[in-house]
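Structure first, commentary second.
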Amino acid sequence: MMWRLYNVLQFAFTLAWTAGWITLALMLRPLSGAQARLPLRMASRCWAPGLLWGAGARLEVEGLERVDWSQPCLFVANHQSVIDICALFRAIPVPLRFLLKEEMKRVPFVGWYARATGMLFIVRDNARAGALFRRDAAALLAGGQSLCLFPEGTRSRSGEVAPFKAGSLQAAIDAGVPVVPVALQGAGRVLPVDGFFRVRPGTIRLGFGTPLPVRVDGVPVTRQALADRSRAEVLALLQAWA
């Protein structure tokens, strides 16, 4: 009973905190230029830390030194929980956009913020939508912006890392930017997929793997090879923490 009451209060805090910061971010959006730098940094420095604190989550980050933060990257992460987005926003020290499912456009506040800051959307299991996403993602990356996606395609209920969908990495090859594997551990225990907002305090570990070039000796790496190597890097990080 106490846990249920605790989670109800946390859920109320999450809604209020999110609505408040998004309202402020949208008010300031006209002042931040085409790249929406200010609203994106508000997410990483204000919104995400507050939600992690509210969930009782302690974030541990490793491998920041492996990444050249002056260059755009495609970050690919395993997906355990919706709180993964908070962890990634907080850990990545540059303005960051995400690939979201199309349904998120209709979510109040979150959808408004996502559209205002240039997040990318995709209709899952739609080949034409996939081609459009790859074009838009390549343009975003080539324009000097970083993007994060979850190439498993959905959250893992078992904790196992599903195969990475190769098509989602084609944008990095087209734009000529490195792919950075990111491993997340513990998020699924802090906020599980199943059930309604069953938050439990805990530690979320986030690790950056070795950035993967999209060309070797001047020849583009195949997207399947890139997907397989990215997943192998994520698995290696997770196994090192076991």
Give the long-range amide H neighbours of E62: residues separated by 5 or more places, or on another chain, with amide H under 5 Å away, using H modelled in the peptide plane at 1.01 Å from N. L206, G207, F208
Calculated from the structure, Rg and Dmax of the Cα atoms in Å equals which of [x] 17.2, 51; [y] 17.4, 55; [z] 17.4, 61? [z]
Which helices count as membrane-span-like in the chain under these terms: full DSSP H, at least 30 Å along the axis by C-alpha, Kyte-Doolittle mean of 0.0 or more? 2-28
Spelling out what I want: for every residue of region 169-175, take phi, set θ = phi - 60°, compute 6.51 cos²θ - 1.76 cosθ + 1.60 (Karplus), and round to whole Hz; glycine and proline get x. 8, 4, 4, 5, 5, 5, 8
With springs only between Cα atoms under 10 Å, which of G130, G54, G218 fluctuates most in a Gaussian network model of the chain? G218
From the P(r) of region 15-157, can you give the percent of Cα pairs sitting at distances over 22 Å? 38
Looks like region 89-185, by Cα gyration tensor root eigenvalues a ≥ b ≥ c and the a/c under 1.5 rounded cutoff (else prolate when a/b is bigger than b/c, oblate otherwise), is rounded
Only Lys, Arg, Asp and Glu count, each charged at its Cβ (+1, +1, -1, -1), so figure out the dipole size of region 2-241 about its Cα centre, rounded to 20 debye. 600
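Each value in this text was obtained by applying a stated rule to the coordinates, not by laboratory testing. Please read these numbers as outputs of a predicted model, since none were measured by experiment. Counting neighbours? That spans all protein chains shown, and the Cβs are built from the backbone with ideal geometry, glycine included.
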